[in-house]
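**Q** This is the structure, below, for whatever I ask next.
The values are calculated or read from the model by the stated rules, or taken from the named source; none is laboratory data. This structure is a prediction, so every number in the text was calculated from the model and none was measured. For neighbour counting, all protein chains shown are included, and Cβ atoms are generated from backbone atoms with ideal geometry for every residue, glycine included.
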Amino acid sequence: MEIKHYRINNNQLPQYKVVKQNYSPKEKVLLDEIRESLVDLAISSGENFQLNEDKLLNDIKIFIFNKFHSENQNESITNEYLDKLSRKLLRDITGYGKIDSLIQDDDLEEIMIIGINKPIFVYHRKHGMMKTDIEYSDEQELIELIDSMAREINRRIDQESPILDGRLNDGSRINATIAPVSADGPSLTIRKFKKDPLTIIDLINSKTISLELAAFFWLCFDGLGVKSANAIISGGTSSGKTTTLNALSAFIPPTERIITIEDTLELQIPHEHVIRMETRPPNVENKGELTMNDLVKNSLRQRPDRIIVGEVRAEEAITLFTALNTGHSGFGTLHSNSARETITRLTTKPMSVPKIMIQAIDFIIMQNRIYTSSGVSYRRISEVAEVVGSEEGVIQLNKIFQWNPETDNIENISVSSKTLTQIANLSGTSLYEINKEIENREAVLKHMVNHNIHSVNEVNAVLELYNANPEKVLNRIQLNR
Ligand SMILES: Nc1ncnc2c1ncn2[C@@H]1O[C@H](COP(=O)(O)OP(=O)(O)OP(=O)(O)O)[C@@H](O)[C@H]1O
Ligand SMILES: [Mg+2]
């Protein structure tokens, strides 16, 4: 594994230093030999060639072992060295070449190749934008990398279709362009897939959401079993919409049947009963395309309780809103800069949702990414608005939570909430009791924060326990205080 460390250049972007792989001359020979025999194997297997990494690792070990013993009959090789070297060689052969160590680093959010003879940039979760000390100087080498990624996902990229957009096997999202669309040589952007998704507790810890707002959403999205709320999460590119949607989905009651529909699979909903669907681009003959709208329409025949649309962009919006207006629940993200703009975008082309249908959403959740001069950014839910009705053709919004940039707090500014009132009426509970319940749930979330309970499995276990027996959980928290 390569090691990296950081150095701050005067006033420039921090540098991400990639320490290059070191091989002894003997190891280098081994690497070349293994590569050669792999190429021979690939050629002799023709189209049926498939790489099985476990088998290959084993073969490499045997190869090194035999080689070592035929050359050094009196020495022995330690198991640890054999294992380490085999893994290093395997990554070198099957990995992503020069940028492989960047792909392996879970602290990176994004890897950006902007052309030939230009440094590769990365966005680090803690340090923000950084410049690496590696670059591609050979255009062919970069095109080969992009080609191999295209092959991995059974797609192609060439002059005729010079844009590649898709998802690698590890879940990372890639976008690549080649000539004639990219002027300075090929470009490649990789949005890395976070192996451990951020949970609601992670979002509370990073102040993206407040304890109070999280508890409020918990109650609204399970709706005490009588009405689970719908929401659109809106914001700019990379503001964390999908991540927030994913974290909030943990509040959906486990009894719901969930269908998720996305362009590239990103959501990692913790529930057992989920059907995941992904759109499909047309094939080389321009046939076989399955759009978001096709999938949303199809989902309606699958008796869903909740439909989650990864990103609402075009005519699928009408289909989704038809579903919301006929008793289904929904979640979705949308690209926009304010709650008002969200409504405008939904009701104008190409989404064109009739205004009367908009009232089916309960919340518009605005999320912002705030950039600082140091290059590090942070994310905040900046506003939560309820859709309360329509007056003379204008949709009425009621802002209930707002982020205050001066204090960096998300403030509850509502006098009343339509959703809470509905839940109270439908469940025959008083608003006083509902607010008490929100306080209880806030205590449960706070307990998780204080006891560093934040992984997906741990958080879900606590939520499940609370669903089954709230008193027991609350009593336990009291005792542990
Ligand atoms: N609240 C957060 N705190 C820290 N990192 C976050 C947060 N939200 C998202 N991220 C990270 O930021 C990156 C982008 O997040 P995400 O994909 O959720 O954004 P998005 O708004 O859905 O982007 P897009 O506009 O491409 O759909 C991911 O790497 C994610 O792990
Ligand atoms: Mg997204």
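**Q** If you take the residues of region 12-48 that are at pLDDT 85 or above and polar (S, T, N, Q), which of them is surrounded by the most Cβ atoms within 10 Å (Cβ to Cβ)?
**A** 15
**Q** Can you list residue pairs whose Cβ atoms sit under 9 Å apart, with the first residue in region 355-380 being under 15 Å from residue 123 (Cα atoms) and the second being in a helix (DSSP H, G or I) and within 16 Å of ligand 1 (Cβ to nearest atom)? Count only pairs 6 or more apart in sequence or on different chains.
**A** Within 9 Å, the pairs are 379/203; 379/243; 379/244.
**Q** Would you be able to say whether some residue in region 267-286 is in contact (Cβ under 8 Å) with a residue 12 or more places away in the chain and touching a His at 6+ places or on another chain (Cβ under 8 Å)?
**A** Looking through region 267-286, none of the residues is in contact (Cβ under 8 Å) with a residue 12 or more places away in the chain and touching a His at 6+ places or on another chain (Cβ under 8 Å).
**Q** How many residues does region 66-77 contain that are over 18 Å from residue 35 (Cβ atoms) and modelled with pLDDT of 85 or more?
**A** 0
**Q** Looking only at region 224-245, which residues are basic (Lys, Arg) and near ligand 1 (Cβ under 7 Å from one of its atoms)?
**A** The one that is basic (Lys, Arg) and near ligand 1 (Cβ under 7 Å from one of its atoms): 241.
**Q** Which condition number in (1) within 30 Å of residue 128 (Cα to Cα); (2) in a strand (DSSP E or B) is the one that residue 390 fails?
**A** For residue 390, the failing item is (1).
**Q** Sticking with this structure for a sec: Which count do you get for residues in region 172-206 that are more than 30 Å from residue 444 (Cβ to Cβ), within 16 Å of ligand 2 (Cβ to nearest atom) and not polar (S, T, N, Q)?
**A** 5
**Q** Mind telling me which of the residues 146, 134, 103, 99 ends up being within 30 Å of residue 184 (Cα to Cα), within 16 Å of ligand 1 (Cβ to nearest atom) and out of contact with any Asp or Glu (no Cβ under 7 Å at 6 or more places or on another chain)?
**A** Working: 146 fails: within 16 Å of ligand 1 (Cβ to nearest atom); 134 fails: within 16 Å of ligand 1 (Cβ to nearest atom); 99 fails: within 16 Å of ligand 1 (Cβ to nearest atom).
Only one candidate qualifies: 103.
**Q** Right, next: Where in region 235-324 are the strands (runs of 3 or more DSSP E), entirely inside, with at least 1 residues that are buried (at least 23 other Cβ atoms within 10 Å of the Cβ) and within 13 Å of ligand 2 (Cβ to nearest atom)?
**A** 258-262, 306-309
**Q** Hey, another quick one. Which residue pairs have Cβ atoms under 7 Å apart, sit 6 or more places apart or on different chains, and have a first residue in region 228-245 that is at pLDDT below 95 and a second that is more than 7 Å from ligand 1 (Cβ to nearest atom)?
**A** Between residues of region 228-245 that are at pLDDT below 95 and residues that are more than 7 Å from ligand 1 (Cβ to nearest atom), the close pairs are 228/221; 228/222; 228/252; 228/253; 228/329; 238/369.
**Q** Please enumerate the residues belonging to region 191-215 that are of a type outside the set (Gly, Ala, Ser), out of contact with any strand residue (DSSP E or B) (no Cβ under 8 Å at 6 or more places or on another chain) and modelled with pLDDT of 95 or more.
**A** 198, 199, 200, 201, 202, 203, 204, 205, 211
**Q** Go through region 325-346 and give me each residue that's farther than 14 Å from residue 232 by Cα and assigned to a helix (DSSP H, G or I).
**A** Result: 325, single match.
**Q** Can you run down the residue pairs with Cβ atoms below 8 Å, 6 or more apart or on separate chains, where the first is in region 194-221 and among the acidic types (Asp, Glu) and the partner is near ligand 1 (Cβ under 9 Å from one of its atoms) and assigned to a helix (DSSP H, G or I)?
**A** 202/247
**Q** In the list 51, 56, 82, which residue meets the criterion of being closer than 23 Å to residue 153 by Cβ, at pLDDT 85 or above and surrounded by 10 or more Cβ atoms within 10 Å (Cβ to Cβ)?
**A** 56
**Q** Within region 300-346, which residues are within 16 Å of ligand 1 (Cβ to nearest atom) and polar (S, T, N, Q)?
**A** Those that are within 16 Å of ligand 1 (Cβ to nearest atom) and polar (S, T, N, Q): 333, 336, 337, 338, 342.
**Q** What pairs can you find where one residue is in region 453-481 and within 18 Å of residue 269 (Cα to Cα) and charged (D, E, K, R), the other is at pLDDT 95 or above and surrounded by 14 or more Cβ atoms within 10 Å (Cβ to Cβ), and their Cβ atoms are less than 9 Å apart, with a gap of 6+ or different chains?
**A** 458/199; 458/201; 458/448
**Q** Output the number of residues of region 195-234 satisfying the condition of being within 15 Å of the chain's Cα centre (by Cα), assigned to a loop (DSSP other than H, G, I, E, B) and buried (at least 18 other Cβ atoms within 10 Å of the Cβ).
**A** Counting residues in region 195-234 that are within 15 Å of the chain's Cα centre (by Cα), assigned to a loop (DSSP other than H, G, I, E, B) and buried (at least 18 other Cβ atoms within 10 Å of the Cβ) gives 3.
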